[in-house]
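Before any comments, here is the structure.
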Ligand code: B12
Ligand code: SF4
Ligand code: SF4
């Protein structure tokens, strides 16, 4: 039986997230059998291109629409204005890209092997940087591979409409991945896979091909566990499947631009860029595998450097060493702000106090305020030796 493609109309380019534009309707339709074969090939090609898994789903996200509305109504998105600014595109993929019929959802593992996460978290003089951010930024890499996947499909079926997305577009990525059979949304709100845990990125290829869809994951395997919420330093997982971003260290250290509310500073500990605690504790992550991508391996020893050393990076060094890294997102002031919080929580030592002192006059109110807070933390510690250390150096 022949299935006709729907034409994939040209969408207006948006400077925010559009790189690939949609192509013409394909020259000839494919039979159901051919589409079945194509779907199997797509999975194979996705693996060859470095994705660990791929699944295909339709575009009906009505089940998730209400969850998203509830989340926004509670203001859990805080200052994440992009979560509200695209109307219904986020749960209507065909509004984001008219003509979309199917979405190929992919995952790519990012955890570098042996980064001793717990050990670093337990060493308060060290900086803990989220494991996704130790190497090169994933956006370009994944989008490029997805585009290669699109081109490979094109070589086999002729012109068709496709567009690649990863993270930065109004797309409900976890919901799509769950529907495509890649795993379930866990109580920590991340997508979990029973064979691979959650240390992976998600990406999508929107297409106008009427491909056969995969079985969605309909069961959660969290059971009675709620360890992620118990371990969360700032109680951001307010109930199962509900995360108040305003309390999440990832939001506080990466997304929020101003002052970090004092109520969270002690709990942040040495986490200076993002947080992984709700993944480290998750029992399913014992099935995760180290990434095969050398781009995601740590650069500049970011997996095990002292807070004080990072705090003393000049702006030039910061810009040079974080070129092409997700860490750029905080900007240099945000970097100093976060490190000041970490140093405020570090054990008192001359090195820590000297480092903080050196930034007391840094030309940014936010940085200065966080440095003063950090010095106050050390001053407040009862050890009289510490008191004199701080008084002398202030
Ligand atoms: C906004 C955002 C954030 C925000 C808010 C997080 C959040 N939970 O929404 C902040 C800045 C806090 C954040 C943090 C992180 N993020 Co983030 N983030 C996103 C982004 C851009 C949108 C997520 C979204 O749509 N949120 C909206 C809310 C409503 O969704 P939700 O909380 O997941 O709720 C869903 C379900 O829980 C369910 N639901 C809600 N309520 C209920 C109630 C019941 C009873 C039920 C059954 C279901 C249910 O329905 C909702 C809609 O699908 C996505 C990329 C994308 N475009 O999708 C990346 C993304 C989710 N982030 C990612 C990552 C890696 C992280 C961090 C690990 C980074 C870090 N190490 O610091 C942390 C993890 C924090 C955590 N536990 O989630 C990955 C996750 C990969 C994966 N395995 O799931 C994504 C997919 C990016 C990517 N392309 O890889 N992130
Ligand atoms: S990333 Fe950290 S702060 Fe955010 S929910 Fe998970 S454990 Fe809590
Ligand atoms: S820690 Fe437990 S409850 Fe949380 S996501 Fe993992 S399995 Fe689910």
Legend entry - Single residue of 66, 52 found to be over 16 Å from residue 213 (Cβ atoms), over 21 Å from the mean Cα position of the chain (by Cα) and modelled with pLDDT of 95 or more: 66
Inset, instruction - Name every residue in the stretch 167-190 that is within 6 Å of ligand 1 (Cβ to nearest atom) and buried (at least 24 other Cβ atoms within 10 Å of the Cβ), in order of residue number. - result: 171, 188
Legend entry - Hey, residue 219 in a loop (DSSP other than H, G, I, E, B) and near ligand 2 (Cβ under 8 Å from one of its atoms) or not: no
Inset, instruction - Of all residues in the stretch 138-172, count the ones that are touching a strand residue (DSSP E or B) at 6+ places or on another chain (Cβ under 7 Å) and part of a loop (DSSP other than H, G, I, E, B). - result: 4
Inset, instruction - Report yes if residue 206 is more than 13 Å from ligand 2 (Cβ to nearest atom) and in contact with a strand residue (DSSP E or B) (Cβ under 8 Å, 6 or more places away or on another chain), otherwise no. - result: yes
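Residue-wise test of (1) part of a helix (DSSP H, G or I); (2) closer than 14 Å to residue 114 by Cα.
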| position | (1), (2) |
| --- | --- |
| 286 | yes, yes |
| 298 | no, yes |
| 308 | yes, no |
| 319 | yes, no |
Legend entry - Every residue from the stretch 79-110 that is out of contact with any strand residue (DSSP E or B) (no Cβ under 8 Å at 6 or more places or on another chain) and in a loop (DSSP other than H, G, I, E, B): 79, 80, 84, 85, 86, 91, 92, 98, 99
Legend entry - Residue tally, condition buried (at least 19 other Cβ atoms within 10 Å of the Cβ), in contact with a helix residue (DSSP H, G or I) (Cβ under 8 Å, 6 or more places away or on another chain) and either in the same structural domain as residue 55 (by TED's automatic domain parsing) or under 22 Å from residue 250 (Cβ atoms) (or both), over the stretch 215-228: 1
Legend entry - Candidates 387, 377 - the one that is modelled with pLDDT under 95 and either within 21 Å of residue 251 (Cα to Cα) or surrounded by 15 or more Cβ atoms within 10 Å (Cβ to Cβ) (or both): 387
Inset, instruction - Determine which single condition residue 246 fails, assuming it passes every other condition in (1) closer than 27 Å to residue 327 by Cβ; (2) more than 8 Å from ligand 1 (Cβ to nearest atom); (3) in a helix (DSSP H, G or I); (4) without any contact (Cβ under 8 Å) to a residue 60 or more places away in the chain. - result: (4)
Inset, instruction - Considering every residue within the stretch 339-352, establish whether at least one is in contact (Cβ under 8 Å) with a residue 24 or more places away in the chain, under 23 Å from the mean Cα position of the chain (by Cα) and either assigned to a loop (DSSP other than H, G, I, E, B) or within 14 Å of ligand 1 (Cβ to nearest atom) (or both). - result: no
Legend entry - Verdict on residue 212 being touching a strand residue (DSSP E or B) at 6+ places or on another chain (Cβ under 8 Å), surrounded by fewer than 21 Cβ atoms within 10 Å (Cβ to Cβ) and under 30 Å from residue 99 (Cα atoms): yes
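The values are calculated or read from the model by the stated rules, or taken from the named source; none is laboratory data. Owing to the predicted nature of the structure, the values given are computational and were not obtained by experimental measurement. Cβ: placed from backbone, ideal geometry, glycine included. Neighbour counts: every protein chain shown.
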